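The values are calculated or read from the model by the stated rules, or taken from the named source; none is laboratory data. Every value quoted in this text rests on a predicted model; they were computed, and no experiment measured them. Every residue, glycine as well, gets a Cβ built from its backbone with ideal geometry; the counts of neighbours run over all protein chains shown.
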Amino acid sequence: MDLKSLGSKQIGKKEKYPEKTSINLVVREKDHNDPKFQIAIFVVFLIILAVFVKFMVIDLISDSVKAQNNYETMQSQISTLQENNKDYAKIRKEYSKYGNGYLNDDEKIEADRATVMSVINDNVSDKANVTAIDISGNVAKVTVDDVSLKTVSGIVSDLEDSSSVSYVNVSTAGSTDNTVSATLSVNFKEAGGDQ
């Protein structure tokens, strides 16, 4: 068969199309009213709610209560300590009659002995052989043995760099092998006030 004959046959016949006169717009939905499904959803909701309440409400309230209790305990301790110390000045004055709790006027201006010894240990003892230390008032006389003049100069420089030292005097006596014995008079600044 050729195309012409096929085309002529088709022309004479009328083609039929399917016909539908109505449309069904109703869609069958899944039934969400199933009690089992609703109970499962409710249980999941309760679990999420319980976790939220536990961590975001109960734990925060508990931490807040603990912090408040700690604060009140500390305040109570501070109040007790302040109450115990309110008579301190009067008691200190009474005890000073029986011991050396107060310094006299001359002693009040003297440099703290712990500071003096610390300065000597830090700047002299590790660089030279200390044979004697004599502390009187704010002056410490430190005698060193068998040191070079260069070492003595370095010790003096280190001492004068200290914030608690006013100035340093040096007297030397010669010895053998280019070493000397030196006495360093270290003048410390006045302390002033109670110590």
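Some observations on this one:
- Reported count of residues in segment 1-54, each being over 60 Å from the mean Cα position of the chain (by Cα) and at pLDDT 90 or above, is 0.
- Residue list for segment 125-160, restricted to those being touching a strand residue (DSSP E or B) at 6+ places or on another chain (Cβ under 8 Å), in contact (Cβ under 8 Å) with a residue 24 or more places away in the chain and under 21 Å from Ala191 (Cβ atoms): Asn138, Val139, Ala140, Lys141, Val142, Leu159
- Segment 134-167 - residue that is buried (at least 16 other Cβ atoms within 10 Å of the Cβ) and among the polar types (S, T, N, Q) and, of those, nearest to Asn123 (Cα to Cα): Ser162
- Test set (1) under 42 Å from the mean Cα position of the chain (by Cα); (2) at positive phi - Thr151 fails condition number: (2)
To keep it simple, each residue is scored yes or no on (1) part of a helix (DSSP H, G or I); (2) among the aliphatic types (A, V, I, L, M).
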| position | (1), (2) |
| --- | --- |
| Lys20 | no, no |
| Ile23 | no, yes |
| Ile39 | yes, yes |
| Ala50 | yes, yes |
| Ala67 | yes, yes |
| Glu94 | yes, no |
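- Residue satisfying condition, being in contact with a Lys or Arg (Cβ under 8 Å, 6 or more places away or on another chain), of a type in the set (Gly, Ala, Ser) and modelled with pLDDT under 85, within set Gly154, Gly174, Gly192, Gly137: Gly192
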